[in-house]
Amino acid sequence: MSIHSDIAFIGGGNMAGALIEGLLKRGMSPQKLHVIDINEHTRAKWRDRGLSASGEPDQTLQQHSVWMLAVKPQQLAEVSKQLKPFLTPDTVAVSIAAGISLETLSHWLGSAEQPWPLVVRAMPNTPALVERGMTGLVAGQAVSAEHRNDVQNILSAVGDIVWVDSDRMIDAVTAVSGSGPAYVFRFIEAMMAGARQLGLDDIQAKQLTLATLAGATELAAQSSDPVGTLRERVTSKGGTTQAALDVLQAKQFEEIVTAAMHAAYDRAGELSRELGQS
């Protein structure tokens with residue numbers, strides 16, 4: 001892993017913690033990492049790991065050219081004001097706060113007349129906590145190839161990444177992978193409930209469901225065949241699987257999933273507009 005920049009994490013919570021742990025596991029020196037967090041326990045934890053830490057923005061930030069903004073979306077406007085005095089010409093600000101557009105972030109760090117040009121928006125998801133995350137990224141036009149590579153390597157420490165070319169495509173990423181784990185968890189809940197109704201106990205229901213989903217996902221990832229072909233191979237005409245799929249088709253399963261994703265996409269756009277006006 002090649003990261004040329006020192007990194008400051010503004011916010012040291014779960015997602016920032018996952019990224020820090022991923023970077024440390026991949027050999028990054030803790031001396032290249034800095035954490036700002038209001039919680040003393042959080043700061044002490046990272047100091048014990050060899051990182052520097054402070055309770056508020058200070059001159060230390062100027063030694064770190066990539067800032068990972070890992071605070072809640074509702075806090076980011078105020079936090080950006082606190083960060084502005086410590087920007088240097090090569091500071092790249094990477095926001096993992098949902099719903100904050102590149103334009104809004106650049107205005108908060110700069111101004112409407114002189115927006116800060118070096119901004120990146122990231123949409124990770126919670127499987128990053130177990131290093132199986134999926135992150136969508138979009139960069140401002142002024143972000144250099146070297147900085148893009150650094151940002152990519154930071155986020156890939158906890159999973160896969162994909163670059164898109166606009167805020168609206170990050171909203172699409174949000175609908176697919178950002179919110180996606182919740183869809184999967186809801187499906188797991190439904191399968192486990194069905195298993196219990198068929199007489200299996202809680203332990204059996206969980207084991208069978210999770211192993212089936214993990215195996216099917218891994219098969220789909222490794223196979224060169226289309227997912228539809230894999231489905232067809234499980235499905236015998238007039239058999240048990242066909243009976244189950246007929247019910248899903250009758251209940252408009254695909255339409256329900258698509259409508260849910262469109263709702264997430266639309267809400268992401270609404271949140272961006274609402275938060276940008278704060």
- Item | Low-density loop cleavage sites - trypsin sites (Lys or Arg not before Pro) in segment 105-203, where at most 13 other Cβ are within 10 Å (DSSP) | 132
- Give me the percent of the accessible area of the chain that comes from carbon and sulfur atoms, probe 1.4 Å, all protein chains in place. 55
- Message: Can you give me the C-alpha center-to-center distance between segment 217-252 and segment 25-46, rounded to a whole angstrom?
- Response: 46
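Over the Cα atoms of segment 195-278, Rg to Rh with Kirkwood Rh, two decimal places?
Details: Rg = 18.3 Å, Rh = 16.3 Å.
Ratio of gyration radius to Kirkwood radius: 1.12.
Using mean Cβ contacts within 10 Å as the protection proxy, how do 112-120, 12-20, 54-62 order, highest first? Can you show the working numbers first?
Values: 112-120: 17.4, 12-20: 20.3, 54-62: 14.3.
Going by the mean number of other Cβ atoms within 10 Å, highest first, we get 12-20, 112-120, 54-62.
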- May I ask you to evaluate 6.51 cos²θ - 1.76 cosθ + 1.60, the Karplus curve with θ = phi - 60°, for each residue of segment 228-240 and list the ³J(HN,Hα) values in order in whole Hz, giving x for glycine and proline? x, 5, 4, 5, 4, 5, 7, 9, 8, 4, x, x, 5
- Would you count, across the chain, every pair of lysines whose alpha carbons are under 19 angstrom apart, provided the pair is eight or more residues apart or spans two chains? 4
- Item | Fraction of antiparallel bridges per DSSP, the chain only, in percent to nearest 5 | 15
- Message: Could you order the peptides 99-106, 36-43 from most to least packed, using the average number of other C-beta atoms within 10 Å per residue?
- Response: 99-106, 36-43
- Obtain the nm distance between the two label points defined at residue 142 and residue 162 by a simple spin-label model: each point lies 7 Å from its Cα along the Cα-to-C-beta direction. 3.0
- Note on the structure: Amide H contacts under 5 Å for residue 159, restricted to residues at least 5 apart in sequence or on another chain and with H modeled in the peptide plane, are 133
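The values are calculated or read from the model by the stated rules, or taken from the named source; none is laboratory data. The shown structure was predicted, so the numbers you read here are calculated from the model rather than taken from an experiment. Cβ: placed from backbone, ideal geometry, glycine included. Neighbour counts: every protein chain shown. Surface areas here come from the heavy atoms of the whole protein model, side chains and all, with no ligands, DNA or RNA. Shrake-Rupley method; radii C 1.70, N 1.55, O 1.52, S 1.80 Å.
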